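> Below you'll find the structure I mean.
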Amino acid sequence: MGLRARIAAAAGDPELRRLGAGLVAVLRIDGAGDDILLRLDDGAVVFEGRAAPDIVLSAADADWARLLTLPPPPRFQAFTALAIANPAFTLTGDPIVIARARAVIERLFELVVLSPAAPAPAVARRMSQIEGRYHRVVLPEGAAELYVESAGSGRPILFLHTAGADSRQFHGQLADVALAAEWRLVAPDMPFHGRSMPPDGWQGEPYRLSGARYLGWCAAIIEQVIGEKAIVAGGSMGAALALLLAAERPDLVAGVIAIEPPFRSKGRRNPYQHHVGVHAGLHNAAFVRGLMSPTSPIDSRRRAAWIYSQGAPEIYAGDLAFYSDEFDGAEVAPRIDAARTPVSLLCGTYDYSATPEDGAKLAALIPGADLCVMEGLGHFPMCEHADLFRPHLLAALAHVGGPR
């Protein structure tokens, strides 16, 4: 089935109606055998004849053919991947129009490349074993009421969520019956995120996360909530902080599992993640939706993106000030002693923000670190396909020490 036929089959998708309310734009797709002109009108996708395009996406026929492979290769799996991470494609148009249309176009391409889900053994999970409560934690900048979810007992694992998200990303692990039988699983919503409020005394000023600020938060959580050294398993931004903890505060860290760790992830911040002319809930959820694998279950991918539709203004962009602008693996990694603090690096093949190549660069600078490239997983493996991620997590736990 060619691209035109796949778009026609996808055009009636009900989710497009929800994502495209109020949108009017014309998208032209060049080089896919024939030029395709689409009118995006209040969630409807209609083939046009001669309308002037607002957005143009171009590539050679051979590259469009690669996108139509099921599953497509990495960096061909999503509109945002094509736009910012695939040099074979050229995107032109008014940036604010592209930002407003991103949710609809991302979903449209998600349907075009939709592939059978990668098989994995089913895992016994029980959501009712997860307990959530507020902890008053004294941070370097003042006290804050932090919402923390936990399950199980044993040696503690501190799960750190990605930029702009919250602890719901780790429900697949916290609800895992066998995992909770051996481990104390702890997942906080960081200040400003999810169900945690800003620290006392915040005056509403612009939010910017720095390594020093984030380090202070995590040290306070380990000392005041967990109460002992913990294995730190962080995703993306949380992976960067896990590595920073191992470098700066090895006294608090029993081991590090860096899930999708960056080396230098420049360019992840853009003006439309926090802009009065763009619906951040639509834009930011779509911006991360493209980072996932086309073979992860679509319901799980939708839920992973859903978290991003609920973030407070500027928090995602402010987190990227640390993750994308500040963090430098070339500076942090050489300061980690993996003989003292074991390190496992888990990298999904479909992740174009923190790539397997990034993981290899980090591993080369951390003698003794274990590198695992996870075939068929993207930037959010813990929630986009928790079952497929599970054996990689268990292997990483075995590497960093195992339960006591």
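The values are calculated or read from the model by the stated rules, or taken from the named source; none is laboratory data. These numbers come from a predicted model, not from an experiment. Cβ placement follows ideal geometry from the backbone for every residue including glycine, while neighbour counts extend to all protein chains displayed. Keep in mind that these areas ignore ligands, DNA and RNA; they rest on the heavy atoms of the full protein, side chains included. Shrake-Rupley method; radii C 1.70, N 1.55, O 1.52, S 1.80 Å.
> Return the only residue of Val288, Val256 being β-branched (Val, Ile, Thr), touching a helix residue (DSSP H, G or I) at 6+ places or on another chain (Cβ under 7 Å), assigned to a strand (DSSP E or B) and modelled with pLDDT of 95 or more.
Residue meeting the stated conditions: Val256.
> Take the range 30-57 and flag every residue that is modelled with pLDDT under 90, surrounded by fewer than 18 Cβ atoms within 10 Å (Cβ to Cβ) and at negative phi.
Once the filter is applied, which keeps residues that are modelled with pLDDT under 90, surrounded by fewer than 18 Cβ atoms within 10 Å (Cβ to Cβ) and at negative phi, the range 30-57 yields Asp34, Asp35, Glu48, Gly49, Arg50, Ala51.
> Hey, another quick one. Evaluate the following for Tyr350: is it part of a helix (DSSP H, G or I), under 15 Å from the mean Cα position of the chain (by Cα) and buried (at least 24 other Cβ atoms within 10 Å of the Cβ)?
When the stated conditions are applied, Tyr350 does not pass them.
> Quick one: which helices (runs of 4 or more DSSP H) lie wholly within the range 168-227 and hold at least 3 residues that are within 20 Å of the chain's Cα centre (by Cα) and closer than 16 Å to Ala242 by Cα?
Output list reads 211-221.
> Among the residues of the range 71-104 satisfying the criterion of being among the aliphatic types (A, V, I, L, M) and open to solvent by 40 Å² or more (accessible area, probe 1.4 Å), which is nearest to Gly378 (Cα to Cα)?
Ile84
> Does Ala83 satisfy being free of Cβ contacts under 8 Å to residues at least 24 places away in the same chain, aliphatic (A, V, I, L, M) and closer than 28 Å to Ser296 by Cα?
For Ala83, the condition - free of Cβ contacts under 8 Å to residues at least 24 places away in the same chain, aliphatic (A, V, I, L, M) and closer than 28 Å to Ser296 by Cα - is not met.
> Just for the range 358-375: of the residues that are touching a residue at least 60 places away in the same chain (Cβ under 8 Å) and open to solvent by 10 Å² or more (accessible area, probe 1.4 Å), which one is farthest from Phe263 (Cα to Cα)?
Per the stated criteria, the residue is Lys361.
> Give me the residue from the range 151-163 that is part of a strand (DSSP E or B) and open to solvent by less than 40 Å² (accessible area, probe 1.4 Å) and, out of that set, nearest to Pro198 (Cα to Cα).
Leu160
Okay, residues lined up against (1) more than 24 Å from Glu248 (Cα to Cα); (2) among the charged types (D, E, K, R):
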residue	(1), (2)
Pro297	yes, no
Arg302	yes, yes
Ile315	yes, no
Ser324	no, no
Arg335	no, yes
Asp358	no, yes
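> Go through Arg125, Arg107 for me and flag whichever is among the basic types (Lys, Arg), closer than 28 Å to Ile7 by Cβ and surrounded by 16 or more Cβ atoms within 10 Å (Cβ to Cβ).
Arg107
> Would you tally the residues in the range 232-252 being within 16 Å of Glu326 (Cα to Cα), small (Gly, Ala, Ser) and either touching a Gly at 6+ places or on another chain (Cβ under 8 Å) or in a strand (DSSP E or B) (or both)?
So the count comes out to 2.
> Kindly provide the set of residues from the range 378-404 that are buried (at least 23 other Cβ atoms within 10 Å of the Cβ) and either in contact with a His (Cβ under 6 Å, 6 or more places away or on another chain) or in a helix (DSSP H, G or I) (or both), ordered by number.
Pro381, Met382, Cys383, Glu384, Ala386, Leu388, Phe389, Leu393, Ala396, listed by residue number.
> Ok, one more. Do the conditions hold for Arg303, that is, is it open to solvent by 20 Å² or more (accessible area, probe 1.4 Å), closer than 18 Å to Asp166 by Cβ and either in contact with a strand residue (DSSP E or B) (Cβ under 8 Å, 6 or more places away or on another chain) or among the basic types (Lys, Arg) (or both)?
yes
> Something else now. Can you spot a residue in the range 291-303 that is in contact (Cβ under 8 Å) with a residue 60 or more places away in the chain, within 29 Å of His399 (Cα to Cα) and not in a loop (DSSP other than H, G, I, E, B)?
Yes - at least one qualifying residue is present in the range 291-303.
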